[in-house]
Amino acid sequence: MSGGNDVIISDSIVNDFVIKEGFSDILLEWYKKSRRILPWREDPSPYHVWLSEIMLQQTRVEAVRDHYLRFVGRLPDIRSLAEAPEDVYLKLWEGLGYYSRARNLHRAARIITEEYGGEMPGTSSALIKLPGIGPYTAAAIASIAFGEASPAVDGNLLRIFARLTRFEGNIRTPDALRAATSFYRERMPEAAAAESSENPCGDFNQALMDLGAVVCLPNAKPDCEGCPLAKHCRAHREMSGMESSLPVRPGPKERKTEYLTVFLIRCGERTAVVKRPAGGLLAGLYEFPNAKGELDDESAVKWLRDHFVEPIRILRTIDAEHVFTHKIWKMRGYEVIADPFTEKDIPYLMADREEILTRYSIPSAFGAYLDML
Ligand code: SF4
C-alpha cells in the first residue's frame with residue numbers, strides 16, 4: 001500500500017476484511033433512512049454545494065446553518081456574489097472566522113462569471129484550479145452537484161478509514177491520504193446503482209460525511225451499535241471498546257502567544273474602529289485600535305497621545321484571550337473616555353453601537369470588547 005514506515009496494513013488485509021462488493025449498497029441504504037436534513041441539501045445546485053462546503057470547513061454544522069441561509073438570502077447566486085462589495089460579503093461571513101475563505105469565494109465567483117459565463121465548472125480537475133478549492137472540496141462539489149465518482153476525503157473519512165481498516169500509522173501523512181482515497185475510490189458505486197439513488201456518487205460521499213458526523217464520532221465513543229458498517233469494521237471487531245484510539249495523530253503543535261493592548265476609545269455615543277491591513281491575519285476586517293504588548297496605565301496614555309487621542313478618563317477593563325489555529329492572542333483592555341473637543345483629531349472611524357454591529361465586520365477575536373459596546 002505504501003512505502004512509508006508507519007503504514008502497517010496491506011491492500012490484501014483491507015480488501016479481505018472490509019468488503020468491496022456491497023459496501024456502497026450498505027451505505028446508500030443507510031443514507032436513505034438516516035440522512036441529515038440540511039438546508040443546502042434541499043436544492044444541491046453547484047453554488048449551494050460550494051458555499052456550504054466552504055462554510056463547513058473548520059466550522060460546525062449548527063453554526064453554518066443560519067449563516068448559510070442569510071448568505072444565500074442576500075447573495076442568491078454566483079453572479080450576485082461576484083458583484084457584491086467586500087464589506088457586504090465579509091459582513092455576511094461574520095462569526096464564521098477564517099475570513100480568507102470568504103475572500104476566496106468572492107475571487108472564485110468573479111473568475112466563474114468572467115471565464116465560465118457564470119456556470120460553475122463540473123469536474124474536480126477544473127474546480128481545483130479555483131481559489132479556495134482544494135482536493136476535498138473539488139471532489140465534494142463534483143460528486144454532489146455533478147455526480148462525479150471522486151471520493152471527498154476529509155478528516156471524517158480519514159477517521160472512518162482508519163477504524164474500518166485498523167490503520168495504525170500516522171493519519172496526517174500523504175501516504176494515509178492516498179491509502180484512504182484509493183480505499184474509497186474502489187468502493188464507490190457504479191452509475192448503474194441509480195435505482196437506489198439519483199446521484200449514487202454524491203450520496204456515497206454524503207453518507208460517509210453523515211456517518212462521521214453522527215455515528216463514527218471523533219473523540220467520544222463511536223456508536224458502533226448503530227453503525228451500518230460494524231460487521232465490516234476491523235477496529236470494532238478486533239479492538240471493541242477501543243475504537244476511538246484510532247486514528248493515530250501526532251501531538252498538536254505549540255501555539256505562539258502574542259500580547260496586545262486593546263482600546264475602546266469613546267467619544268459620547270461613538271467608539272473608535274479601524275480597518276485592518278489588506279494582507280495577513282484577519283485582512284481587511286475592522287478592529288478596535290490596539291497596540292502590541294501589554295501596556296501599563298502610563299504607557300497606555302502615552303500611546304493614546306501619540307495617536308492623537310486626548311484621554312480624560314481611562315479605565316482598565318477586561319482582559320481577554322482568543323485562540324487561533326497557530327497563535328493565541330492575550331489581550332489587555334482599556335476603556336478610554338476621550339475629550340470630545342478633540343474628536344476631530346482622532347485618526348479612526350468613530351461609529352455608534354448600531355453602526356458597528358451592522359456595518360463593520362469585527363472578528364470574534366474582539367468579541368469580549370464588542371460585548372461592552
Ligand atoms: S463500527 Fe464503530 S468504529 Fe467502525 S466505522 Fe462503525 S462507528 Fe466507526
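Springs join every pair of Cα atoms under 10 Å in this Gaussian network model of the chain, and among A82, A207, A320 the largest mean-square fluctuation is at A320.
Measuring between their Cα centroids, the range 126-155 and the range 242-302 lie 33 Å from each other.
Counting DSSP beta bridges with both partners in the chain, what percentage is antiparallel, nearest 5? Restricted to the chain, the bridges split so that about 60 percent are antiparallel.
The magnitude of the dipole of the range 293-353, with charges of +1 and -1 set on the Cβ of Lys/Arg and Asp/Glu and taken from the Cα centre, is near 200 debye.
Between helix 61-74 and the chain there is an angle of about 70 degrees, using the helix long axis and the longest principal axis of the Cα atoms. Each Lys and Arg adds +1 at its Cβ and each Asp and Glu adds -1 at its Cβ; summed about the Cα centre, the range 11-245 shows a dipole of about 600 debye.
Taken about its Cα centre, the range 154-281 carries a charge dipole of about 820 debye when Lys and Arg each add +1 at the Cβ and Asp and Glu each add -1 at the Cβ. Over the chain, what is the relative contact order in percent, taking alpha-carbon pairs closer than 8 angstrom and at least six residues apart? Relative CO of the chain lands at 16 percent. Placing R0 at 45 angstrom, the Cβ-Cβ distance between K275 and S125 gives a FRET efficiency of 0.75 after rounding to 0.05. Enclosing the Cα atoms of the range 58-186 in their convex hull gives a volume equal to 119 cubic angstrom per residue. DSSP beta bridges confined to the range 256-370 are antiparallel in about 65 percent of cases. Oblate is the label for the range 256-370, because a/c, from the alpha-carbon gyration tensor with a ≥ b ≥ c as root eigenvalues, is 1.5 or above and a/b does not exceed b/c. For the chain, the longest principal axis of the C-alpha atoms and the axis of helix 200-214 are separated by about 60°.
If you take the alpha carbon atoms of the range 256-314 and fit the smallest convex hull around them, that volume is 97 Å³ per residue.
Lys/Arg Cβ at +1, Asp/Glu Cβ at -1, dipole of the range 11-245 taken about the Cα centre: which of I144, A109, S245 is farthest positive-ward? So the residue furthest toward the plus end is S245. Net charge of the neighbourhood of M55, taken over other residues with C-beta under 10 Å away and scored Lys/Arg +1, Asp/Glu -1, is +1.
From largest to smallest, the equivalent ellipsoid semi-axes obtained for the chain from the alpha-carbon gyration tensor read 47, 25, 16 Å. If you plug the beta carbon distance of E115 and D43 into 1/(1 + (r/R0)^6) with R0 = 35 Å, you get a FRET efficiency near 0.90.
A simple spin-label model places the labels of K253 and K330 2.1 nm from each other, with each point 7 Å out along Cα-to-Cβ.
Would any residue of the range 18-40 have its amide N under 13 Å from a label point 7 Å out along Cα→Cβ of V214? List them or say none. Only 30-39 fall inside the zone, counting backbone N under 13 Å.
Read-outs throughout are calculated quantities, based only on the coordinates presented, and are distinct from any laboratory measurement. Note that this is a predicted model, so its numbers are computed, not measured. A quick note on method: Cβ atoms are made from the backbone with ideal geometry, for glycine too, and the neighbour counts reach across all protein chains shown.
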